[in-house]
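The values are calculated or read from the model by the stated rules, or taken from the named source; none is laboratory data. Predicted model only: the values in this text are computed from it and were never measured. Glycine gets a Cβ as well: all are built from the backbone with ideal geometry, and neighbour counts include every protein chain shown.
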Amino acid sequence: MTNVAHILIGSFSSGSSDFLAPLLVDQGYSVDLIHDQYALSQIAPKHIDLLLLDVTAADDLAMLAHLRTFIDRAIIAITPHCNDQLLVAALNKGADDVIQSPFRTDELFARIRALLRRQGWNATSTGN
């Protein structure tokens, strides 16, 4: 295991991913950002420790289900605020956790640390 957790952000539109990547780097994570569904399905199987996936519409759920078939690491789906149906569907399609946007970054970082801990990461090795 390396000293830095590797987070992949999959986003099919600009938005939360553009501001999240530098914040996660500041927290001590290695971050890659992908805006293309095909590239995401090709790159995601490579070594990652956590996937943040922008799930903005029901159409994105198929990609989430597809990714879950070959990614055994934690997936956090980012869904629009007040869309409880999409939140529940994302969990049913394989997300380990869901956070609704807009969100507090400190809450997202805590959720990331919690999921990484379950995968064997020491909470003091990355983030606060």
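At a glance:
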| read-out | value |
| --- | --- |
| Which numbered condition Ile112 fails, given (1) without any contact (Cβ under 8 Å) to a residue 40 or more places away in the chain; (2) surrounded by 15 or more Cβ atoms within 10 Å (Cβ to Cβ); (3) not in a strand (DSSP E or B) | (1) |
| When residues of segment 93-109 are limited to those that are assigned to a helix (DSSP H, G or I) and among the charged types (D, E, K, R), the one nearest to Ile75 (Cα to Cα) | Glu107 |
| So Leu64, is it surrounded by 15 or more Cβ atoms within 10 Å (Cβ to Cβ), at pLDDT 90 or above, at negative phi and touching a Gly at 6+ places or on another chain (Cβ under 7 Å) | yes |
| Residue in segment 51-61 that is surrounded by the most Cβ atoms within 10 Å (Cβ to Cβ), counting only those that are part of a loop (DSSP other than H, G, I, E, B) and of a type in the set (A, V, I, L, M, F, W, C) | Val55 |
| For Arg104: the one exception among (1) over 18 Å from Ala21 (Cβ atoms); (2) at pLDDT 90 or above; (3) exposed (fewer than 12 other Cβ atoms within 10 Å of the Cβ) | (1) |
| Test: Ile71 is modelled with pLDDT of 90 or more, surrounded by 17 or more Cβ atoms within 10 Å (Cβ to Cβ) and β-branched (Val, Ile, Thr) | no |
| Close pairs (8 angstrom Cβ cut-off, 6 or more residues apart or separate chains): closer than 8 Å to Ile7 by Cα and surrounded by 14 or more Cβ atoms within 10 Å (Cβ to Cβ) in segment 24-42, charged (D, E, K, R) and at pLDDT 95 or above anywhere | none |
| Condition met for Arg118 (modelled with pLDDT under 95, out of contact with any helix residue (DSSP H, G or I) (no Cβ under 6 Å at 6 or more places or on another chain) and of a type in the set (Lys, Arg)) | yes |
| Failed condition for Asn92, given (1) modelled with pLDDT of 95 or more; (2) surrounded by 12 or more Cβ atoms within 10 Å (Cβ to Cβ); (3) of a type outside the set (A, V, I, L, M) | (2) |
| Test: residue in segment 43-50 that is over 15 Å from Ile7 (Cα atoms) and surrounded by fewer than 12 Cβ atoms within 10 Å (Cβ to Cβ) | no |
| Where a residue in segment 46-60 is over 19 Å from Arg111 (Cβ atoms) and its partner, wherever it lies, is crowded, with 22+ Cβ neighbours inside 10 Å and among the basic types (Lys, Arg), with Cβ under 7 Å and at least six apart | none |
